[in-house]
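Remarks on the structure that follows.
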């Protein structure tokens, strides 16, 4: 059974300040995220602002990987996440919760005292002041305040872990809700486009890929889940490509469970299920395809078609449903060209559900149709260089 918990990490004050190491420096992302929070209150350009905010928060959370085994931390169980959802839906607290920062994932040293006040007031209104998770979070915030440090929170998913802390109480059933903490954070806000993740250095890409691969390997061993909402789209494609092929003949297929940030769970993704072949590019040349229409209009003149229509995939629904739609659409479209030898050059963009759905549909098609004449080559935009870089071949 998939379970979630919230890990709180104290990040010393010096790490919130400008750093010489570009990988460790989060100061610019913190400043940008706080500025976006102020702009979001004005209700202007909401989709783009949320996209930028999400990328900033992702980069801030990545800082935890450098000291998670040595720094001070506190673990809150799934019941705390249920409490958080409760505070955003209860009539007594929803208005105050919407104005607060209680569901953000980073608290610089100068924001700790404010967070203590907000969280104390809102949980008191809800009658939850004596809840163990509430008291433990407040105690950890006060520890950071005393030290003059900040806090980063990371939501983690795991399987059969009996060490998650927290009071279940009468609220724990709310943990099964699949709606986001922010009601307006719908599928459209998954758009990443040509954003910060397209500017990652080679070292940053390798580091993120290594972390994601470790999550996949653990899920393959335990039958656990992998959260695909927290990864750049090119990391998703390269990691899945590395694990979809058998290492040796007769290797057993492994399934990993796919979840998204809204709590919805998609169809499992099969790994170690294909045999790697040597492919040659067809003489007729590739079919050039953008992943989703209307995402980057400047690309329209350079591709033959768009694989998905934006109006079909970028609508409010559980993310797992968009994943399923994309999987079925890919499988159906590939069936129409079964038996033909051709190559697709896929100019990939950052809607994670569309990326996962495309490759799941491709793998299903290859396995069920025993179709090995098709190849797919993803291309990823490098904003710094202004070019598309070739990804790993599928087929």
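The values are calculated or read from the model by the stated rules, or taken from the named source; none is laboratory data. Please read these numbers as outputs of a predicted model, since none were measured by experiment. Every residue, glycine among them, receives a Cβ derived from its backbone with ideal geometry; neighbour counts consider all protein chains shown.
What the table below lists for this structure:
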{"item": "Selection status of residue 102, in the same structural domain as residue 152 (by TED's automatic domain parsing) and modelled with pLDDT of 95 or more", "result": "no"}
{"item": "Count of residues meeting criterion [free of Cβ contacts under 8 Å to residues at least 60 places away in the same chain and farther than 11 Å from residue 267 by Cα] in segment 310-324", "result": "3"}
{"item": "Residue in segment 265-274 that is surrounded by fewer than 21 Cβ atoms within 10 Å (Cβ to Cβ) and at pLDDT below 90 present", "result": "yes"}
{"item": "Members of segment 222-264 that are in contact with a strand residue (DSSP E or B) (Cβ under 6 Å, 6 or more places away or on another chain), at pLDDT below 85 and part of a helix (DSSP H, G or I)", "result": "none"}
{"item": "Residue within segment 110-119 that is closer than 22 Å to residue 212 by Cβ and part of a helix (DSSP H, G or I) present", "result": "no"}
{"item": "Of all residues in segment 291-310 being surrounded by fewer than 14 Cβ atoms within 10 Å (Cβ to Cβ) and modelled with pLDDT of 85 or more, the one that is farthest from residue 347 (Cα to Cα)", "result": "309"}
{"item": "Matching entry among 5, 38, 59 (being on the phi < 0 side of the Ramachandran plot, modelled with pLDDT under 85 and part of a helix (DSSP H, G or I))", "result": "59"}
{"item": "Whichever residue in segment 311-323 is surrounded by fewer than 17 Cβ atoms within 10 Å (Cβ to Cβ) and in contact with a helix residue (DSSP H, G or I) (Cβ under 8 Å, 6 or more places away or on another chain) and, among such residues, is modelled with the highest pLDDT", "result": "312"}
{"item": "Test: residue in segment 342-356 that is outside any loop (DSSP other than H, G, I, E, B) and farther than 28 Å from residue 205 by Cβ", "result": "yes"}
{"item": "Flag if residue 354 is within 21 Å of residue 228 (Cα to Cα) and modelled with pLDDT under 90", "result": "no"}
{"item": "Which numbered condition residue 374 fails, given (1) buried (at least 22 other Cβ atoms within 10 Å of the Cβ); (2) within 25 Å of the chain's Cα centre (by Cα)", "result": "(2)"}
